[in-house]
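Asks: Got a structure for you, questions after.
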Amino acid sequence: MARAYCPQCSRPLSHCVCRFMVKTDNQVEVILLQHPKEVDHPKGTANLLLGSLTNVTRFVGECFDEHDAFQQYMEKIQSNADLSPCLLYPSEGALELRSSVFKGDKQVLAEQTKLGPLIVIDSTWKKSYKIFQLSKCLQALTQVSLPNDLEGQYEIRTTKKQNALSTLEAVSYALQFLEQDQEKYDALVKSFVKFNQYQLSFRENHQ
């Protein structure tokens, strides 16, 4: 008999993670660019984001210069003078999103609040770099990065990066800064911690 899967989180019904989704009405739209190998990855967090955020769109691919659906979507966005899409990617010239936005720093407010939609690459660091290098359209966007002192809770996937964040954590923190709302995404981040613990429980049970 074929294994039954949840239609929302794409996990086997016995490992469904929909209970960790937290409906969150994000003001800044999120555009998720997902590497094909992440689509069904059991440790990925993109499906949690897709099931939680009310304003999110996903495109799957590797070279987004050649991704017709993404290009058409971006043409529509860039035709709106009120929108300034930005890519969450720690390039050398990236604008750091800072918590001083909550303290009324007028310069930071001017820089950050005009940005959006937020474009995010969902992949490993190595594959994210490849996507960025292959996609000239992404290099042309304003790039933003998160502060280095944010501590991640993503223990279920290994990386050599210090304080590495999951896609869900990175998006949640970026939206906090861009929307000037520190509390709005707290429930989603806390639910992710529970998701992380849930995933770790399977590892512990098989030791």
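Asks: Using a Förster distance of 25 Å, how high is the FRET efficiency between THR54 and ARG11, based on the Cβ-Cβ distance and rounded to 0.05?
Replies: Values: r = 21 Å, r/R0 = 0.86.
With R0 = 25 Å, the Cβ-Cβ based efficiency is 0.70.
Asks: So if the hydrodynamic radius of segment 1-94 is defined as the Kirkwood radius over C-alpha pairs, what does Stokes-Einstein give as its diffusion coefficient at 20 °C and 1.002 mPa s, in µm² per second?
Replies: For these conditions, the coefficient is 139 µm²/s.
Asks: Report, in listed order, any pair from LYS23/LYS127; LYS130/LYS190; LYS23/LYS190 with a Cα-Cα distance greater than 20 Å.
Replies: LYS23/LYS127; LYS130/LYS190
Asks: A follow-up question, please. With the Cα gyration tensor of segment 1-40 giving a ≥ b ≥ c as the square roots of its eigenvalues, does the rule (a/c under 1.5 for rounded; else a/b larger than b/c for prolate; else oblate) give rounded, prolate or oblate?
Replies: Oblate.
Asks: If I model a spin label at ALA4 and GLN72 as a point 7 Å from the Cα along the Cα→Cβ vector, what separation in nanometres do I get?
Replies: Output for this residue pair reads 3.6 nm.
Asks: Let me ask something else about it. Please list 180-190, 120-130 highest first by mean number of surrounding beta-carbon atoms within 10 Å per residue.
Replies: Answer by packing, highest mean first, reads 120-130, 180-190.
Asks: Here is a follow-up. Work out, step by step, the length gained on full extension between LEU141 and LYS194: first 0.36 nm times the residue separation, then minus their alpha carbon distance; give nm to one decimal.
Replies: 15.7 nm
Asks: Aspartates and glutamates near LYS136 by alpha-carbon distance under 17 Å, same-chain residues fewer than 8 away left out - which ones?
Replies: Hits, sequence-local ones excluded: GLU62, ASP65, GLU66, ASP68, GLU75, GLU92.
Asks: Sticking with this one: Using a 1.4 Å probe on the protein heavy atoms only, what accessible surface does PHE132 show? Give it in Å² to the nearest 10.
Replies: Accessible surface of PHE132 is approximately 20 Å².
The values are calculated or read from the model by the stated rules, or taken from the named source; none is laboratory data. Just so you know, these numbers come straight off a predicted model, no measurement behind them. We place every Cβ from the backbone using ideal geometry, glycine too, and count neighbours over all the protein chains shown. Note: areas computed on protein heavy atoms with side chains; ligands, DNA, RNA excluded. Shrake-Rupley method; radii C 1.70, N 1.55, O 1.52, S 1.80 Å.
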